[in-house]
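The values are calculated or read from the model by the stated rules, or taken from the named source; none is laboratory data. Nothing here was measured: the structure is a model prediction, and the numbers come from that model. Cβ placement follows ideal geometry from the backbone for every residue including glycine, while neighbour counts extend to all protein chains displayed. With ligands, DNA and RNA removed, areas are computed over all heavy atoms of the protein, side chains included. Shrake-Rupley method; radii C 1.70, N 1.55, O 1.52, S 1.80 Å.
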Amino acid sequence: MLEVKNLHKSFGTNEVLKGIDFQIDKGEVVAIIGPSGSGKTTLLRCISFLEKVDAGEITFGELHHDMAHITQREIRRIRFDMAFVFQSFNLFRNMTALGNVMEGLVTARKVHREDARKTALEMLRKVGMEDRAMYYPDQLSGGQQQRVAIARAIAQNPQVILFDEPTSALDPELTEEVLDVMRTLAKEGTTMAVVTHEMRFAMDVASRVVFMEGGVVVEEGPSKRVFLEPKEERTRQFLRRAYDAE
């Protein structure tokens, strides 16, 4: 469904992505793991064109593009079927939870306001936030804000949702609130690519794991196999340290 080939991205002289190949099929949950600075977030930001790519190709559904020479119109078309959940929530501070979920439907998709309101309330109900619909972000906990951000993403009915460390800014209790919502989405067959440090979530929920370090994919495969029988010594070292930290 979504495939990226030979993706390169540098910031100045620092080559962050060194020819990455990445693929996610419909209904898959792919967890992207690895140490800080390995290029995980940059990969998601390049896939969603939040960062300009130096080289690479993308196939998304029936669309195929040279990522370095793609037009803004083509980017908008790809983004129409793609949603992004940020680690810092990125909610509009001057809008209620309901307003945040409605905004993209009304402005980007030209949905009638009453229909957008119904959809937004349904999505807030889905993530357990209907009773906070009229609250502003500053009145919500971090976990509640992230659940609103997820409601905003799924309201767009995207083909794939990209999650960039959605629990990294949360304490353990609030982390579970968000992971429970993501587990539900996974059970419903939502296609997701998740950059995460939550190893148990990655092992239990992801269908496939990609381990990155130094801007390359070191190992990838079915989640249970990668976690229980990693082939690469570097993967084994990383997982040992990750488990010790939990």
Counting DSSP beta bridges with both ends in the chain, the antiparallel % (nearest 5): 60
Span-like helix ranges in the chain, DSSP H, alpha carbon extent 15 angstrom or more, Kyte mean at least -0.5: 97-107, 142-155, 172-187
Karplus (6.51, -1.76, 1.60) ³J(HN,Hα), θ = phi - 60°, over region 14-23, in Hz, Gly and Pro reported as x: 8, 7, 8, 10, 10, x, 6, 10, 9, 9
Neighbour net charge for K5 - beta-carbon separation under 14 angstrom, K R +1, D E -1: -3
Amide H contacts under 5 Å for E219, placed H, 5+ residues apart: F211
Shape box of region 109-184 [Cα atoms, principal axes, largest first, Å]: 38, 29, 19
Distance from region 15-93 to region 101-169 (C-alpha centre basis), Å: 21
In the chain, lysine pairs closer than 19 Å at Cα, eight or more apart or cross-chain: 15
Cleavage-rule hits (GluC sites (Glu not before Pro)) in region 140-230: DSSP loop, at most 13 neighbouring Cβ within 10 angstrom: E188
Most mobile listed residue (D54, D180, D131) in the chain, GNM with C-alpha springs under 10 Å: D131
Computed over region 1-134, Kirkwood Rh from alpha-carbon pairs, angstrom: 16.9
Solvent-accessible heavy-atom area per residue, rounded to whole Å², over region 119-176 at 1.4 Å: 42
Within the chain, longest stretch free of exposed trypsin sites (Lys or Arg not before Pro) [DSSP loop, at most 14 other beta carbons within 10 Å]: 111-230
